[in-house]
Structure formats: structure tokens, C-alpha cells
1. Could you pull out the trypsin sites (Lys or Arg not before Pro) across the stretch B:70-108 that fall in loop regions by DSSP (anything but H, G, I, E, B) with no more than 12 other Cβ atoms inside 10 Å?
2. Rg and Dmax of the stretch A:200-263, using alpha carbons, in Å: what are they?
3. For chain A, set up a Gaussian network in which alpha carbons nearer than 10 Å are linked by springs, and say which option among A:Glu250, A:Glu235, A:Glu60 fluctuates the most.
4. Let me check against my output: what whole-number percent is the relative contact order of the stretch B:123-258, with C-alpha pairs under 8 Å and at least 6 apart?
5. Provide the FRET efficiency to the nearest 0.05 for the B:Asn153-A:Ser213 pair, computing r from the beta carbons and using R0 = 25 Å.
6. Taking springs between alpha-carbon atoms closer than 10 angstrom, which of A:Lys88, A:Lys157, A:Lys58 fluctuates most in the Gaussian network model of chain A?
7. Can you flag which of B:Lys33/B:Lys162; A:Lys108/B:Lys85; A:Lys58/A:Lys157; B:Lys85/B:Lys162 are past 18 Å Cα-Cα?
8. Using only the alpha-carbon atoms, what does chain B span along each of its principal axes? Please give whole angstrom values in decreasing order.
Amino acid sequence: MAYSAEISRGNPTCFVFLLDQSGSMADQFGGEQSQRKADFVADVVNRTLHDIVIRCTKTEEVRNYYYISIVGYGAAVGPAFSGNLSGKSLVPVSEVAELPARIENRTKRVPDGAGGLVETQVRFPVWMDPVSNGGTPMCQAFSLVKGIIDQWLSEHKNSFPPTVLHLTDGESTDGDPSGVAQGILDQSTADGKVLLFNCHVSSRHSLKIEYPSDESRLPDDFARTLFRISSPLPEAFRRAAGEIGLSAPEGARGFVFNGDPVSVAQFFDIGTRPANLR
Amino acid sequence: MAAWSFQVHSFLAPKVGLSDRECEDALGWNTRKQRFCLADGATEGFNSRRWARLLVKHWLRSTRPITTPEVFADWTHSVSSRFEKYWRSRRLSWFAEEKARGGAFAAFVGLSFHESSEALYWQAIALGDSCMLLRRDDEIVESLPLGDPASFNSRPILVPSKVDTLETATNSIVCRSGRVEPGDSYLLLSDSIAAWYLRLWREDGSRTQALAFEEFVARSSYEDLQLLLNGGRECGLLRNDDIAAIIVRVRQDIDVSE
């Protein structure tokens with residue numbers, strides 16, 4: 001059965017965060033307390049990395065169940081880690097844990113045990129900073145990701161296949177990305193094809209479409225292009241979607257169109273949940 | 001006058017591919033106190049291996065029997081203090097500190113016996129999905145806290161090391177007791193092996209495998225055990241998980257001097 005490989009230190013898997021860092025990512029995103037899209041996405045990715053590290057922490061050691069890549073595209077295309085990991089295209093999760101660019105103190109509201117909320121200080125590691133500049137060279141970005149995955153696959157033929165989580169707010173400015181994205185989707189391990197999930201975000205409060213199983217409700221060619229280069233969600237991911245109250249029927253694709261801040265947070269949560277950790 | 005005696009056998013193994021040091025299950029017994037217990041540390045928790053081992057150690061050492069939810073809660077509280085004190089005194093990395101904030105969790109099952117003038121009684125207490133099965137002749141006459149192999153897939157409530165969630169957890173404690181019959185076999189099993197054993201017991205023609213498991217444990221036939229368990233894993237009936245098992249066989253020996 002596909003997508004059932006046990007994830008272990010001997011048989012790890014890989015997450016690639018592919019992030020649009022074009023100029024339009026500086027636009028506001030969300031409701032009253034809105035942030036810039038780039039700021040919001042950086043926060044969500046940092047929080048997702050934090051959760052991944054915690055998941056791999058066994059007492060005082062971090063086990064290398066995952067390899068992590070962050071690729072940004074905008075004025076430049078390349079690895080998007082900040083700090084000590086800057087320039088690295090693929091990093092084992094133990095190194096991610098040891099080398100955040102910095103650890104900030106942030107305020108978090110937590111239940112006070114009496115039905116209310118109380119503010120508390122938490123440590124918030126930061127691995128990437130927001131960037132918003134230039135165009136949307138999506139084809140070039142997918143090509144870079146394909147190269148990273150090619151290299152990783154040559155060393156991990158039996159692993160749970162890599163998952164690419166792509167976030168964008170606009171159309172490609174360097175051509176149709178379908179061909180190169182299909183090149184990613186055609187790669188596989190013995191456990192299944194590489195997973196490519198796409199999340200399109202919008203500041204315009206347009207009707208959002210989450211995890212559709214067909215193209216009938218998609219508004220335009222751009223949405224259909226992204227749908228076609230999105231993998232069907234394997235069972236464990238559909239279950240993860242169900243656990244947070246989202247409908248993801250059989251055949252649902254890992255695709256969100258016109259996503260809002262909640263969609264983005266859920267997209268990264270669902271996309272980083274291959275469960276079978278040893 | 002008849003005297004009761006206990007034959008105890010056990011088996012403890014980590015997940016396939018991991019070392020003994022990484023096994024998060026723990027087990028132990030004290031035949032003088034007639035106590036037997038097993039704990040299964042949750043992989044997702046912080047240092048659940050140590051938490052499981054502490055629960056076992058202190059349950060066996062406890063000066064009073066722990067057979068009701070109230071006593072269990074009090075006792076967990078005291079073990080929790082020891083666990084937390086150990087980590088509070090250490091300087092941790094940001095990720096270990098964050099993980100420690102969530103605490104450790106373990107499934108726990110304990111079995112004890114007490115005698116009256118005319119009979120021997122068993123008492124079991126469990127929280128989570130580690131089980132006590134009582135096999136009498138060819139029947140499983142008790143299985144707690146779970147008895148249906150299909151019910152092992154859910155997320156059970158476990159014994160937490162953080163006392164703020166202890167009250168909620170203790171509502172899920174299962175306690176049961178009964179009278180011992182000579183020849184009874186009591187099996188304490190962690191979740192994956194319990195689910196496998198119960199599934200075999202229910203399937204026509206598969207009981208011999210469940211009984212073979214007991215025999216291989218009793219005879220310490222580890223090669224046979226590995227073959228049997230690997231077969232279970234290959235056909236998808238046994239999850240790759242830590243395995244802990246204690247088998248207690250109770251006999252009544254007739255004292256011929258009387």
C-alpha cells in the first residue's frame with residue numbers, strides 16, 4: 001500500500017517548503033488585526049518547523065525523522081533559511097533544532113484553567129524571515145525543488161516520499177509551471193509518488209476553495225493549473241484534515257484556492273502530518 | 001491447607017530497528033507482595049521511558065495497595081513530583097524544554113492478589129490501553145480496560161506526568177476484581193501485543209498462535225517468539241511497537257504435611 005512506509009532515522013522523509021516571496025506578498029492579509037502576507041507566512045512556517053522539531057524530540061535528543069528544505073522565489077530563487085543555515089538547501093531536523101537564526105520571546109494567550117485566557121511568555125525560534133520583492137518565477141522555483149528532491153531520492157529509495165508544500169499569491173511570471181511541476185509529481189520512492197500540495201492565498205476575501213476533488217468549482221485557468229499539479233491527499237492527510245473539521249473526501253487534492261490566514265495555517269498543519277513515526 | 005504459588009514469565013522488546021535502550025515499555029513484579037505491573041510510555045511524550053519505569057518501580061514499592069482511582073491519583077501525584085523534580089534541576093535546550101512542558105504519558109496496568117482464609121482474590125487497575133487478560137482454561141474470562149481488538153486504534157487517556165490533567169485522567173481508570181481459580185493465567189500486555197493476542201483468540205483456528213506466544217514466553221524461547229511475532233508483523237496483524245508481557249500462572253499446591 002502506498003504512503004504507508006514507517007518513518008524512522010534509517011528511513012526518513014523530507015518536507016520542502018516552497019514559498020512565493022514576490023512583491024505582492026507585502027500586501028495585507030486577513031481581517032482587523034491583519035499582517036502582511038509575507039510576515040504571516042514566515043510565522044506559520046516557523047511555527048510548523050517548531051512543531052516538527054518537537055515531534056522529533058526524544059528527551060534531549062532530536063531524531064532525524066525528517067529532512068527540511070525551505071525555498072523562496074521572488075527577486076531571487078534559492079534556499080530561504082536565515083542565520084546559520086543560510087544557503088543550505090536541505091537540512092536534517094536535528095540541525096534545524098540546533099540552529100535557529102534566533103529565539104524570540106513572544107506573548108502567547110493560554111487557558112487560565114478557569115475558562116479565561118492569560119498571557120504567557122514563550123520562546124519562539126525563527127528560522128526564516130519574511131521577504132517580499134520582485135516577480136513570481138514559479139518555473140525556476142519548481143526546477144530548483146526538483147533538483148533537491150532528485151538528490152534526496154537517490155539516497156532514500158524506500159522512504160515515505162517527499163512532500164512539497166507550495167504557497168503562492170499569484171500567477172507565474174516565467175511561464176506555465178505545469179511541465180516542471182509534473183516532473184516533480186512523476187518522481188517516486190518505493191512507497192509512492194512525491195506529494196505536491198499547493199496553497200494559493202488571496203487578500204481579496206474571495207470565496208475560498210479547500211481540498212476539492214474536481215475542477216467544477218474552480219474560477220479560472222490559473223486555479224485549474226494549480227489543481228492539476230496538486231497530488232491527491234493520501235489517507236493519513238485526509239484524516240488529519242478531518243480531525244480539524246475540514247472535509248477532504250476520497251480523491252481530494254492537496255490544493256487550496258483563495259486561502260485566508262486560517263487556510264494557510266491548516267495547510268501546513270495537514271501537509272506535515274505523515275503519521276507513521278517509529 | 002492449600003498454598004497458592006505464582007509462576008511468572010516475562011518478555012520485553014523494543015520496536016524492530018530500535019535498541020533495548022530505546023524501549024519505552026517497562027514491567028516488574030514483586031511475588032512477596034503479590035504485585036505485577038506494566039507501563040507503556042507514549043512515544044509522543046517527553047521522556048516517557050523514564051516515566052513508565054518510575055511508575056512500575058513505585059507501584060511495586062508502594063506501602064499500600066493501589067486498587068482504587070482515588071488512591072491511584074494520590075500515588076501518581078507523588079511519582080509525578082519525583083519525575084518533575086529530576087528535570088527541573090537540569091538546563092535544557094529550547095526544544096527539550098518545550099517538549100518537557102507537555103510532560104510524559106504512559107498506559108499502566110497493575111495486578112495484585114490478596115488472600116482470605118478460604119480463597120485468593122485478584123484485583124486489577126488500568127488506565128490507557130495496556131491490558132490485563134485472565135485466561136481460564138480455554139476462555140478469556142476478563143479483559144480490561146479493553147476487550148475488543150478494534151478498540152485499540154483510538155487515542156486512549158493515559159497516566160500523565162503533569163498533575164493538572166490527572167483529575168480528568170483518573171475518571172477513565174478501570175478497576176476490577178474477582179476470585180482466583182487454580183490454573184488461572186493472568187496476562188499483562190502492552191497495547192500492540194494485547195490487540196494481536198485478542199484478535200488471534202477471536203479468529204477460528206488462530207488460538208494456537210496465541211497459546212504458542214504464552215508457551216514461548218514461559219519457556220524463554222526467544223527465537224521462536226521472534227519468528228511468531230515477525231509473522232504477525234508481516235501479515236499486518238501486529239504493529240511494529242514495543243512489546244511488554246508478563247504471564248502469571250497461579251497454582252494451588254496441596255500441603256501434604258497436614
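1. When the trypsin sites (Lys or Arg not before Pro) of the stretch B:70-108 are filtered for loop state and at most 12 Cβ neighbours within 10 Å, B:Arg90, B:Arg91 remain.
2. 11.4, 32
3. Looking only at A:Glu250, A:Glu235, A:Glu60, the largest GNM fluctuation is found for A:Glu60.
4. 29 percent
5. Between B:Asn153 and A:Ser213 the formula returns 0.45.
6. Judging by the Gaussian network model, the answer is A:Lys58.
7. B:Lys33/B:Lys162; A:Lys108/B:Lys85; A:Lys58/A:Lys157
8. 63, 46, 28
Every number in this text was worked out from the coordinates using simple rules, so none of it is lab data. It should be emphasised that the depicted structure is a prediction, and the values quoted were computed from it without experimental measurement. So basically every Cβ, Gly included, is an ideal-geometry build from the backbone, and we count neighbours across all protein chains shown.
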